[in-house]
Amino acid sequence: MQKYYSYREVIDAKIYDSTGLYFGDLCGFSINEKPLLKACLKFNVGDMVPDINRLKGLLEERGLEIPQDLTLEELVLTARNEGLEIPMKKVVSKVEFVKAFIDLDNVLLIDVVYRRVYRGNSRIAVILLKSPREAKYRGLPLPINNPYIELIDKTIGKLVVSTSNGIIGYVSEVVFSPGKVGLRIESENYRSGVILWNNFLSILETRGFSELGNLLRNNIGEHERLDLHLYGYIYHLLETYKAPSQVFELLNSNLEFEELLVEKYQDIEWDNILKIGDIIIAK
């Protein structure tokens, strides 16, 4: 049976195209004539980004009418079709762009798992697309990211996503068997559990984060336990509230996992690797 996800469950999920290249983060959805997912890109000070105003000006100089609601992807692809080089500029303050809207028919896979971590995000959420949209956005020649054996050392530390089984884990090392070579994947993932919510809120207050605790309480309410599926949404709220790293650590220490999905490690034959990009895509 096909699994469904709420928006709060997959908010900020990483979106990758069919070549394994990072496309953007899930930042919204709309349901008008048909449901669409919204992909955004976030940039920090000093990052280089497309100069949208200059790009629009160059296209208008060629006699093209540029709608105000044109997404970044549409703007860049239009420029590439016109043979224009994409003008870039340096970011002077944090900025977020709407990159594209994605038809659900272009989505191959959505998956979410959770891992035991002390710092950072316990959730891994991935949306895999059927088409090479990021490769086209970057103007790269196709095909790309094919798994040549010479690239095997480049796989260490990369996330592996299977088109049939979803998120597997991170490559830890290269492995061998008679006549075969493969990748060992650290795959200690969980798909269910709870957040000890009231305990987390109480600890926030005792540690001097009562204002932050009240914001969370007003948004989510008081509950003894929350389903783990709300973790990504809570993490998103904490980032929005600019919570310090200590608060994220406290959240992670108040998670209880159930049902170890797979063994601690999985070995995958090299013949089952499809693409090596920002992530590895396997059969």
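The H on the amide N of residue 23, modeled in the peptide plane, is under 5 Å from the matching H of 15, 16, 17, each at least 5 residues off or on a different chain. For the range 75-145, just list the percent of Cα-Cα distances falling in each 5 Å bin from zero outward, please. It works out to 3, 10, 15, 16, 19, 16, 13, 5, 2, 0, in whole percents. Positive contributions from Lys and Arg (+1) and negative ones from Asp and Glu (-1), summed over other residues with Cβ under 10 Å from the Cβ of residue 180, come out at -3. Computed with every protein chain present, the accessible area of residue 159 is close to 10 Å² [probe 1.4 Å]. Counting charges near residue 27 (Lys, Arg +1; Asp, Glu -1) among other residues having Cβ under 11 Å from its Cβ returns a value of 0. For the range 193-257, the pair-distance distribution built from all alpha carbon pairs, in bins 10 Å wide starting at 0, is 22, 66, 12 percent.
Using a 1.4 Å probe on the protein heavy atoms, what percent of the accessible area of the range 126-283 belongs to carbon and sulfur? Mind showing how you got there, number by number?
Values: 3900 of 7910 Å².
Whole-percent figure for carbon plus sulfur exposure: 49.
In order along the range 16-29, the Karplus-derived 3J(HN,Hα) couplings, from 6.51 cos²θ - 1.76 cosθ + 1.60 at θ = phi - 60°, round to 10, 8, 6, 9, x, 8, 5, 9, x, 10, 5, 10, x, 7 Hz, and Gly and Pro are given as x. The alpha carbon centroids of the range 222-283 and the range 84-123 are separated by 15 Å.
Seen from residue 4, the other residues with C-beta closer than 15 Å to its C-beta sum to a net charge of 0, counting Lys and Arg as +1 and Asp and Glu as -1. Normalised by 2.2 N^0.38 Å, where N counts its residues, the alpha-carbon radius of gyration of the chain equals 1.12. The mean accessible area for residues of the chain, using a 1.4 Å probe and ignoring ligands and nucleic acids, is 53 Å² per residue. Only helical runs count toward this figure. For the chain, summing -39,500 (n - 2.57) over DSSP H runs of n ≥ 4 and dividing by all residues gives -6500 deg cm²/dmol at 222 nm. Backbone geometry of the range 152-165 corresponds, through the Karplus equation with coefficients 6.51, -1.76 and 1.60 at θ = phi - 60°, to 3J(HN,Hα) couplings of 4, 5, 6, 7, 4, x, 7, 6, 10, 10, 8, 5, 9, 10 Hz, x marking Gly and Pro.
The GluC sites (Glu not before Pro) found in the range 73-175 that occupy coil by DSSP, while having at most 12 further C-beta atoms within 10 Å, are 82, 85. Ranked from largest, the principal axis spans of the Cα set of the range 1-94 equal 51, 34, 26 Å.
The values are calculated or read from the model by the stated rules, or taken from the named source; none is laboratory data. This is a predicted model, so every value here is computed, not measured. A quick note on method: Cβ atoms are made from the backbone with ideal geometry, for glycine too, and the neighbour counts reach across all protein chains shown. Just the protein is used for accessible areas: all its heavy atoms, side chains included, with ligands, DNA and RNA removed. Shrake-Rupley method; radii C 1.70, N 1.55, O 1.52, S 1.80 Å.
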